[in-house]
Amino acid sequence: MNLMRSLFSRVLISAVSLFALSTAVIAQDTLRSKKIITNSQMLGIGAVNTLDTYLSPEEHRGTELRYIVHSVRENGGKLSRELLHQVQLFSTHNQKGSNNELGGFYNFQYNWQYGVGKWKFDKSELVLNVGGGIDSRIGFLYHLTNSNNPAQAYVQLNIASNAVAAYRFRLLRTPFQLRYEVQTPLLGLMFSPNYGQSYFEIFTRGNYDHNLVVTNPLSVPSLRHLFTVDITFCHTTLRIGYLGDYQQAKVNQLRQHVWSNLFVVGVVRKFSINKFIP
């Protein structure tokens, strides 16, 4: 009887040990590569130039304030995802100072980026990604002195191309990163009233007049590019840089643009998430 108990105990201990070892091996085998998320939040301030011939034939200049949330998600492979949210508010006036405009936009971008190359040097690294995705934009422009057509609405959706170059290095034992990103629309759809058409005709009478326009690089020759410098010290990464955002269109015999040149500053957080396959 004692022999049976002893044998049973040994078998039980061996089974538990084998189960624990196999569980550890399975967990190690099913561990995915880390999901690395780099998130930055920035504030931008600078000069803006606006034109919308539906409201006024004059250019307006003023000051813009912008809030930017930028996120890059990597899974250890060559393919990464980028999400970008931007909220911009501005106030402008014409050259004589007799007319004023207020405007605001929200921009959302979702890009897939493929790692073209990664070149390592002595104590530095150069990374190049290319790709594209969705670039959407909604907003308004309000002309304070117009009584007939006081406001213009903007709704735009584009398929855009995108490219990023990042150079990481150390200087005096301090980590730096130089990063440049550029994006331009390829094909899209936008809302626009036609020349001489009022919003009353569109939304009250339902008179459609080519108000949904298919766009291409010739009708919306736009460009958005961002150059930043990341500096890491005391476990904190500071980001400073320049944002040039030039959105313009010529559709339905109307011309419009919003050109922004901004100084940006913010902080960067980088963290990783381990994922297990059940």
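Which of the following residues is touching an Asp or Glu at 6+ places or on another chain (Cβ under 7 Å) and within 25 Å of residue 264 (Cα to Cα): 197, 152, 113, 156?
So the residue among 197, 152, 113, 156 that is touching an Asp or Glu at 6+ places or on another chain (Cβ under 7 Å) and within 25 Å of residue 264 (Cα to Cα) is 113.
For residues that are surrounded by fewer than 17 Cβ atoms within 10 Å (Cβ to Cβ), at pLDDT 95 or above and more than 15 Å from residue 107 (Cα to Cα), tally how many sit in region 126-154.
Residues meeting the conditions: 4.
Residues that are touching a residue at least 12 places away in the same chain (Cβ under 8 Å) and of a type outside the set (A, V, I, L, M, F, W, C): list the strands (runs of 3 or more DSSP E) wholly contained in region 190-259 that include at least 3 such residues.
Numbers: elements: 212-215, 223-233, 236-251.
Result: 223-233, 236-251.
Return the residue satisfying two criteria in turn: it lies in region 184-223 and is of a type in the set (Gly, Ala, Ser) and in contact with a strand residue (DSSP E or B) (Cβ under 7 Å, 6 or more places away or on another chain), and of such residues it is surrounded by the fewest Cβ atoms within 10 Å (Cβ to Cβ).
Here is the first cut: in region 184-223, the residues of a type in the set (Gly, Ala, Ser) are 188, 192, 196, 198, 206, 219, 222.
Restricting the remaining residues to those that are in contact with a strand residue (DSSP E or B) (Cβ under 7 Å, 6 or more places away or on another chain) gives 188, 192, 219, 222.
Numbers: 188: 23, 192: 25, 219: 17, 222: 24.
Restricting to residues being of a type in the set (Gly, Ala, Ser) and in contact with a strand residue (DSSP E or B) (Cβ under 7 Å, 6 or more places away or on another chain), the top hit is 219.
Return the total of residues in region 106-140 being within 14 Å of the chain's Cα centre (by Cα) and under 18 Å from residue 247 (Cα atoms).
11
Any residue at all in region 240-251 that's closer than 18 Å to residue 158 by Cα, of a type in the set (S, T, N, Q) and more than 21 Å from the chain's Cα centre (by Cα)?
Of region 240-251, the ones closer than 18 Å to residue 158 by Cα are 245-251.
From the residues that got through so far, the ones that are of a type in the set (S, T, N, Q) too are 247-248.
Cutting the leftovers down to more than 21 Å from the chain's Cα centre (by Cα) gives us none.
No; the residues of region 240-251 include none that is closer than 18 Å to residue 158 by Cα, of a type in the set (S, T, N, Q) and more than 21 Å from the chain's Cα centre (by Cα).
Please tell me if residue 148 is polar (S, T, N, Q) and touching a Leu at 6+ places or on another chain (Cβ under 8 Å).
Values: polar (S, T, N, Q): yes; touching a Leu at 6+ places or on another chain (Cβ under 8 Å): no.
Here the answer is no, as residue 148 does not meet what is asked.
Check region 155-166 and report whether any residue there is at pLDDT below 95, out of contact with any helix residue (DSSP H, G or I) (no Cβ under 7 Å at 6 or more places or on another chain), in a strand (DSSP E or B) and assigned by TED's automatic domain parsing to the domain that holds residue 90. Give the derivation first.
Start the filter on region 155-166 by keeping residues that are at pLDDT below 95, which leaves none.
No, that holds for no residue.
With respect to residue 267, is the statement that it is modelled with pLDDT of 95 or more and not in a strand (DSSP E or B) true? Working first, answer last.
Working: modelled with pLDDT of 95 or more: yes; not in a strand (DSSP E or B): no.
So residue 267 does not fit the description; no.
Of the residues 45, 68, 36, which is in contact with an Asp or Glu (Cβ under 6 Å, 6 or more places away or on another chain) and either over 21 Å from residue 220 (Cβ atoms) or acidic (Asp, Glu) (or both)?
Details: 45 fails: in contact with an Asp or Glu (Cβ under 6 Å, 6 or more places away or on another chain); 68 fails: in contact with an Asp or Glu (Cβ under 6 Å, 6 or more places away or on another chain).
The match here is 36.
When you look at residue 103, is it out of contact with any Leu (no Cβ under 7 Å at 6 or more places or on another chain) and assigned by TED's automatic domain parsing to the domain that holds residue 165, yes or no?
Values: out of contact with any Leu (no Cβ under 7 Å at 6 or more places or on another chain): no; assigned by TED's automatic domain parsing to the domain that holds residue 165: yes.
The answer is no for residue 103.
In region 167-178, what count of residues is obtained for those that are under 9 Å from residue 230 (Cβ atoms) and either surrounded by 15 or more Cβ atoms within 10 Å (Cβ to Cβ) or outside the structural domain of residue 120 (by TED's automatic domain parsing) (or both)? It would help to see each step written out before you state the result.
So the first thing to find is which residues in region 167-178 are under 9 Å from residue 230 (Cβ atoms), and the list is 168, 175-178.
Now restrict to residues that are either surrounded by 15 or more Cβ atoms within 10 Å (Cβ to Cβ) or outside the structural domain of residue 120 (by TED's automatic domain parsing) (or both): 168, 176-178.
Result for region 167-178: 4.
The values are calculated or read from the model by the stated rules, or taken from the named source; none is laboratory data. Just so you know, these numbers come straight off a predicted model, no measurement behind them. Positions of Cβ are generated from backbone atoms using ideal geometry, with glycine treated the same way; all protein chains shown enter the neighbour counts.
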